[in-house]
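Asker: Here's a structure for you.
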Amino acid sequence: YQGVKRRFSEKQIADITVIDDYAHHPTEIDATLDAARQKYPNKQIIAIFQPHTYSRVIAYKDEFATSLEAADKVFLADIFGSAREKAGAVTSAEIGAGISKFGG
């Protein structure tokens, strides 16, 4: 048994630890960032987040912003649409605008 892929998968690149996690719900983001903070308490936590589906961003935009505030820095990629949602009336920047610790 190899375990679940893309759930807190760690890779070392020079002196940087990269954690890949397929957290796509605010509760999962909370858990992932909390686990990273516990495992690496003296390290800077940088989150790179690509939201999946426009409807999910519309439903959880504020919750995503709140969850991502646990990181020291956040980079937001464009929303990954689905086969049924190629575009939508929301952007990743709207999540960023809600992250109060970064001026949102």
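The values are calculated or read from the model by the stated rules, or taken from the named source; none is laboratory data. Not measured: the values here are computed from a predicted model. Ideal geometry is used to build each Cβ from the backbone, glycine not excepted, and the neighbour counts take in all protein chains shown.
Asker: Being touching a Pro at 6+ places or on another chain (Cβ under 9 Å) and surrounded by fewer than 19 Cβ atoms within 10 Å (Cβ to Cβ) is the filter here, so list the residues in region 68-77 that pass it.
Answerer: Matches in region 68-77: 77 only.
Asker: Still on this model: Can you spot a residue in region 19-37 that is in a strand (DSSP E or B) and more than 21 Å from residue 99 (Cβ to Cβ)?
Answerer: Yes, some residue in region 19-37 is in a strand (DSSP E or B) and more than 21 Å from residue 99 (Cβ to Cβ).
Asker: Can you pull out the residues in region 10-29 that are over 19 Å from residue 79 (Cα atoms) and not basic (Lys, Arg)?
Answerer: Once the filter is applied, which keeps residues that are over 19 Å from residue 79 (Cα atoms) and not basic (Lys, Arg), region 10-29 yields 10, 12, 13, 14, 15, 16, 17, 18, 19.
Asker: Sticking with this structure for a sec: Collect the residues in region 39-50 that are outside any strand (DSSP E or B) and either among the small types (Gly, Ala, Ser) or over 14 Å from residue 21 (Cβ atoms) (or both), keeping them in residue-number order.
Answerer: Answer for region 39-50, where residues must be outside any strand (DSSP E or B) and either among the small types (Gly, Ala, Ser) or over 14 Å from residue 21 (Cβ atoms) (or both): 41, 42, 43, 44.
Asker: For residue 7, state whether it is modelled with pLDDT under 95, surrounded by 12 or more Cβ atoms within 10 Å (Cβ to Cβ) and within 16 Å of the chain's Cα centre (by Cα).
Answerer: Values: modelled with pLDDT under 95: yes; surrounded by 12 or more Cβ atoms within 10 Å (Cβ to Cβ): yes; within 16 Å of the chain's Cα centre (by Cα): yes.
Yes, satisfied.
Asker: Another question, then. Do you know which of the residues in region 10-52 that are surrounded by 12 or more Cβ atoms within 10 Å (Cβ to Cβ) and polar (S, T, N, Q) is nearest to residue 67 (Cα to Cα)?
Answerer: Among residues in region 10-52 that are surrounded by 12 or more Cβ atoms within 10 Å (Cβ to Cβ) and polar (S, T, N, Q), the one nearest to residue 67 (Cα to Cα) is 32.
Asker: Since residue 65 meets every condition but one in (1) assigned to a loop (DSSP other than H, G, I, E, B); (2) surrounded by 12 or more Cβ atoms within 10 Å (Cβ to Cβ); (3) small (Gly, Ala, Ser), which condition does it not meet?
Answerer: (1)
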